[in-house]
Every structure is written in C-alpha cells, then in structure tokens.
Amino acid sequence: PQFSSRPKSKPPPRQPQAGASPNFRSSFRPQYAPPPPPPPPRPVPKTPLDLYAILGVHRSATAGEIWSAWHKISLKHHPDKS
C-alpha cells in the first residue's frame, strides 16, 4: 500500500432517508401498550358503621380509651398473634 502525506478527510454525514426516524435507535425500541384503566372505586357501605360500637367504647370516651380499645382488637385479630 502506498502512504500519502495528505490527511484523510472525513466522509460527509449521512442524510436520513425520507420517512426515516431522526434517531436511528428509536426505530428499534419495542412498542408498549398503554396501561390498563384503573379499577372502579370500591362501593361505600349503605349503612354507616358505628366505630364506637365496634371498639366497644362510649361516645364520650377519651383518645386514650379509644386507642386502648383499638389496640386490644387489633392484637385479637392480628394473623401472627391469633
């Protein structure tokens, strides 16, 4: 091979083909389906729950009494404690 003292020039940049994506890699990305719609909201019970009756306290109970009743019921129904 012959060596030349002349530096090699860079080839001109390639022009994208008509209708081609400007980003070459984007044409190989998978196309994902849109996420499914969210489920409908849960229905609200027709009869309101009396939380004081569930906890077994009076309506005039203090915050400490309500917390204590809730704590006892939660331990009673906890899957690891029952």
For this session: List the lysines whose Cα lies under 26 Å from the Cα of residue 72, skipping any in the same chain that are fewer than 8 positions away.
Result: 81
Seminar exercise, completed: In this structure, the FRET efficiency calculated for residue 75 and residue 44 from their beta-carbon separation, with R0 = 30 Å, to the nearest 0.05, is 0.60
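Every number here is computed from the coordinates shown, using simple stated rules; none is lab data. Quantities reported herein were computed from a predicted structural model and do not represent experimental measurements. FYI the Cβ positions are ideal-geometry reconstructions off the backbone, even for glycines, and counts take in every protein chain you see.
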